[in-house]
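Accompanying notes for the structure given below.
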Amino acid sequence: MNAGEALELPLVRLGMALKSRQITSRALVDESLRRLEDVARPLNAVASLMPERAREEAARADRELAVGKWRGPLHGVPYGAKDLLSARGAPTTWGADLFAKRVFPHDAGVIEKLSNAGAVLVAKLSMVQLAGAFGYYRADASVQGPARNPYDTGKWAGGSSSGSGSAVATRCVPFAIGSETWGSILTPSAFCGVVGLRPTFGRVTRRGAMALSWTMDKIGPFCTRAEDAAIVLDKLSGHDPLDPASAADQPPFKPGRPLRGKPHLAAVLPEALRKQDGEVFAAHQAVIEALSKIARVETATVPAPEIPSDGIALLTVNVEEAGAFEELIESGELSTLRSTDAIAAARSDRTIGAADYLKAQRLRARLRAAYDDFFAKYDAVVTPALGFLAVTAPGLEEDLETALAGDDPFGSAGNLLGLPAIVVPGPLVRGLPTAMQLLGPAWSEELLCATATALEEVTPWAAQKPQPARQ
């Protein structure tokens, strides 16, 4: 087995190939580093390669595997991490030139966990500057510039975990770690045609990660298959006493469990999407029809549409980012950021009053109650991850707000309430990926992953991958 073939394997099979010594971790790491340089870097997906650390970790993995010390299916497997996660041996830039040379002496909690599982960190992957703080809609505001879509380099890979989605889609790494506050896992997963898993708030430690919104930030994996995402989440899950937001009473997560019976899914596919793009609408319908083979699917509507989840989410992020980056604001260093409206955005954030924030949190509690009632009737909801295809890669002065226009009730509500979701690829439309999401109640990741895995068994869409990208 050669390294190129091995990087294409599901994690279970790749782990067994390493365990049985059909392939070495060093060979995988060298091939991953080569692909990241030759394929991912031209897509603006690479923040920094980590060859020295990666080869040291690969050598350790190969020594352990040679004597039968096996840490599990990630032992010796290369991966990449979004550049808001601290990692020894490479700069942690948060996507900003201001921090281009900053190197932390410690690993983030999730990187510690993956190291304990034997996984090998090969690269820090690109991201939108400050994960979109003070200018998410300036997607070019990144050290690397806008991440290019591997299906069409004239299109955007999505944000803010841009490099993670792109590197996995191009099979440069078998999995990558990203983060989401509001759409930063789901968007690049949907645009790049990969599986993205947003865990329940508090499931995965955020220690050592840049903070954007303390009550909404979450960390999760990008993979090519739902089963792989479950394997990675298993290694990331668990209480971290050094992270105040880490849930101490979270139920255990066990990957690989098959579906037990047919889950009851609510299908929400707004009719307005048909007028927006009939081909994309038909692709979403195809996913729902395929799900009906393995689940009981019932048409439903958005819970509590009268509660403005988009507005509550936006206000919450704006207030909390102003707090998270207070030092950056006070120092005047916002003026050095690529986002040309960062200073104005920060000024606006700081005008939001405490009464407005508290009112938003009261509405957030009402929204939670409405979703509790909704999930008392359904196991999960299936709805578009995005209702449109990848958009044109923007320039710095171009505003993405119009390109990404459209209601996002489940994206805003799901993140406000800390609910888990998994992106599942659908059919290609005009050569670009489409995607749906399965959204469930808190701690329902096992069901979501099992449902997505069962869907992959009856459809061909998870096997899709970009050919040499169009110019």
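The values are calculated or read from the model by the stated rules, or taken from the named source; none is laboratory data. Just so it is clear, the structure is predicted and the values come from calculations on it, not from any experiment. Positions of Cβ are generated from backbone atoms using ideal geometry, with glycine treated the same way; all protein chains shown enter the neighbour counts.
In table form, for the structure just shown:
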| quantity | calculated |
| --- | --- |
| Filter result (part of a loop (DSSP other than H, G, I, E, B) and surrounded by fewer than 24 Cβ atoms within 10 Å (Cβ to Cβ)) within the range 66-85 | Val67, Gly68, Lys69, Trp70, Arg71, Gly72, His75 |
| Hits in the range 8-45 - residues which are of a type in the set (A, V, I, L, M), assigned to a helix (DSSP H, G or I) and buried (at least 20 other Cβ atoms within 10 Å of the Cβ) | Leu11, Leu14, Leu18, Leu28, Val29, Leu33, Leu36, Val39, Ala40, Leu43 |
| Filter pass, Gly256 being under 21 Å from Ala442 (Cα atoms), outside any helix (DSSP H, G or I) and touching a strand residue (DSSP E or B) at 6+ places or on another chain (Cβ under 9 Å) | no |
| Helices (runs of 4 or more DSSP H) fully within the range 260-355 counting 2 or more residues that are farther than 26 Å from Phe374 by Cα and either touching a residue at least 12 places away in the same chain (Cβ under 8 Å) or hydrophobic (A, V, I, L, M, F, W, C) (or both) | 278-291, 309-324, 326-331, 342-349 |
| The one condition in (1) assigned to a helix (DSSP H, G or I); (2) at pLDDT below 95 that Ala61 fails to fulfil | (2) |
| Residue within the range 377-385 that is part of a loop (DSSP other than H, G, I, E, B), modelled with pLDDT of 90 or more and either crowded, with 22+ Cβ neighbours inside 10 Å or in contact with a Cys (Cβ under 8 Å, 6 or more places away or on another chain) (or both) present | yes |
| Single unsatisfied condition, Glu321 versus (1) closer than 24 Å to Gly208 by Cβ; (2) of a type in the set (Asp, Glu); (3) at pLDDT below 95 | (3) |
| Residue in the range 220-227 that is in a helix (DSSP H, G or I), over 11 Å from the mean Cα position of the chain (by Cα), hydrophobic (A, V, I, L, M, F, W, C) and surrounded by 24 or more Cβ atoms within 10 Å (Cβ to Cβ) present | yes |
| The listed residue being surrounded by fewer than 24 Cβ atoms within 10 Å (Cβ to Cβ) and within 21 Å of Thr92 (Cβ to Cβ), out of Ala245, Ala167, Ala176 | Ala245 |
| Selection within the range 136-161 - crowded, with 24+ Cβ neighbours inside 10 Å, among the small types (Gly, Ala, Ser) and over 22 Å from Leu11 (Cα atoms) | Ala139, Ala141, Ser142, Ala147, Ala157, Gly158, Gly159, Ser160 |
